[in-house]
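**Q** Quick one: the structure is below, and I'll ask about it shortly.
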Amino acid sequence: DSFCGDKAFSEIEVAQVAKFIMDRQDTIVHYINFHAFSQLWMSAWGKFQRRPADKAVWQPPTVLT
């Protein structure tokens, strides 16, 4: 299940991140937000169901316990 909020920036976490970035928009060159549940690496949903060509790069060599 996914909840996208009632409107853009309606959720406090997203609103705070947006404010942080907007307050520093003249100095931030690049921003990545790692946000995951559990100990899983989750990539954003995409338009296509096919796996990326570099899938092996994203697969961990071992499972963390």
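The values are calculated or read from the model by the stated rules, or taken from the named source; none is laboratory data. Values in this document were obtained by computation on a predicted structure and should not be read as measured data. Every residue, glycine as well, gets a Cβ built from its backbone with ideal geometry; the counts of neighbours run over all protein chains shown.
**Q** For region 1-16, give me each residue that is outside any loop (DSSP other than H, G, I, E, B) and at pLDDT 90 or above. Before the answer, list the steps.
**A** We begin by selecting, within region 1-16, every residue outside any loop (DSSP other than H, G, I, E, B); these are 12-16.
Hits for region 1-16 are 12, 15, 16.
**Q** Among the residues of region 18-42 satisfying the criterion of being under 19 Å from residue 57 (Cβ atoms) and of a type in the set (Phe, Trp, Tyr), which is modelled with the highest pLDDT?
**A** 34
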